[in-house]
Ligand SMILES: Nc1ncnc2c1ncn2[C@@H]1O[C@H](COP(=O)(O)OP(=O)(O)O)[C@@H](O)[C@H]1O
Ligand SMILES: [Mg+2]
């Protein structure tokens, strides 16, 4: 597979008043076209910071690139983002139809996107408001919104953290279907077992650096880092299909 994005010796920092806080790097990573890559690590490892940087949104959080570079075949608008907390990302006063229409005014495409995430059967779904949907449905709505942007890549940052285990599996299966249509995935998670059910490769992040990257099967069978072994051992197993 050809690299879609090559990250070389990347260093990211946050400005906090007069202080500069290192968050990521130096970090090397390659994201290959069409793959599902899992970015795995404990809270604070720098996963979200890297995701924001790839989306071109780091400056909004007072973060910046202080070293290295990203060589990307994608424009920022070709990357869609699926956030962790669906409720916080949806405007409670905006009906679903209006929300989707603002992203893409083509009713045919909206119907198609809702069908892909299996939200079509919902009664009056376009007239509903976010609070009328369950957490799982809200997350599927945000996935539909991401699809409406016709992305070449999707970055999903802890997209299932607010859902129970069954719904997590359902969302991950949906991601697999979407990836199978040729969309590259960066799946950010602290849950290596869940990522293992979906991702082709896993990149393990610790203290701002990628400490190990390998095909998923290899990571689980023969992790090269003790840290990876600890992550595997400390995560409850998720049954595979
Ligand atoms: N807006 C911010 N300002 C300052 N420091 C931040 C900001 N966001 C995150 N950080 C710090 O950057 C580091 C990486 O955070 P983050 O990327 O959110 O990690 P993860 O997503 O892996 O939990 C942490 O030390 C965190 O405290
Ligand atoms: Mg995070």
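Which three extents, in angstrom, do the Cα atoms of segment 96-195 have along their principal axes, listed largest first?
Largest first, segment 96-195 extends 37, 28, 19 Å along its Cα principal axes.
Just to be sure I understand the model, the point goes 7 Å from the Cα along the line to the Cβ. What's the resulting residue 42 to residue 161 distance in nm?
The answer from the label model is 1.5 nm.
Could the peptides 91-97, 202-208 be put in order, highest first, of the mean number of other beta-carbon atoms found within 10 Å of their residues?
Descending packing order for the listed peptides: 202-208, 91-97.
Relative contact order for segment 96-241: what percent, with Cα pairs under 8 Å and sequence separation of 6 or more?
It rounds to 17 percent for segment 96-241.
If we sort 225-233, 145-153 on the protection proxy, mean other Cβ atoms within 10 Å, highest first, what's the order?
Top of the packing list down: 145-153, 225-233.
Helix 165-179 sits at what angle to the longest principal axis of the chain, using alpha carbons and giving 0 to 90 degrees rounded to 10?
90 degrees
If I model segment 190-236 as equal point scatterers sitting on the Cα atoms and use the Debye formula, what is log10 I(q)/I(0) at q = 0.13 Å⁻¹?
Log-scaled intensity ratios, in q order: -0.23.
Using a 7 Å offset from the Cα along the Cα-to-Cβ direction at both residue 134 and residue 106, what is the distance between the two label points in nm, to one decimal?
3.2 nm
Let me make sure I get this right: for segment 1-97, a, b and c are the square roots of the gyration tensor eigenvalues over alpha carbons, sorted descending. Under 1.5 in a/c it's rounded, otherwise prolate if a/b > b/c, else oblate. Which is it?
Note, shape of segment 1-97 comes out oblate.
When the helices in the chain are scored as -39500 (n - 2.57) per DSSP H run of 4 or longer and the sum is shared across all residues, what 222 nm value do you end up with, to the nearest 500 deg cm²/dmol?
On the way: 9 runs with 79 residues, N = 241.
Calculated from helices alone, the mean residue ellipticity at 222 nm is -9000 deg cm²/dmol.
If packing is taken as the average number of other Cβ atoms within 10 Å across a peptide's residues, how do 182-189, 216-223 rank, most packed first?
In decreasing order of mean packing, 182-189, 216-223 become 182-189, 216-223.
Against the 2.2 N^0.38 Å scaling, with N counting residues, where does the chain land? I'd like the Cα-based Rg ratio to two decimal places.
Dividing the Cα Rg of the chain by 2.2 N^0.38 Å gives 1.01.
Computed over the Cα atoms of segment 128-241, what is the ratio Rg over Rh, Rh following Kirkwood?
0.99
Would you kindly state how much longer the chain becomes between residue 62 and residue 115 on full extension, computed as 0.36 nm times their sequence separation minus their alpha carbon distance, in nm to one decimal?
Stretched out fully, the residue 62 to residue 115 stretch lengthens by 15.3 nm.
Compute the long axis of helix 135-148 from its Cα atoms, compare it with the longest principal axis of the Cα atoms of the chain, and write down the angle in degrees, 0 to 90, nearest 10.
90 degrees
Binning at 5 Å from 0, report for segment 87-150 what percent of all alpha-carbon pair distances ends up in each bin.
4, 20, 36, 28, 11, 1
Helix 107-116 against the longest principal axis of the chain: what's the angle in degrees, Cα atoms only, rounded to the nearest 10?
Roughly 60 degrees between the two axes.
Taken together, the values in this text are just the output of simple stated rules run on the coordinates, not laboratory data. Everything numeric in this text was worked out from a predicted model, so none of it was measured. Counting neighbours? That spans all protein chains shown, and the Cβs are built from the backbone with ideal geometry, glycine included.
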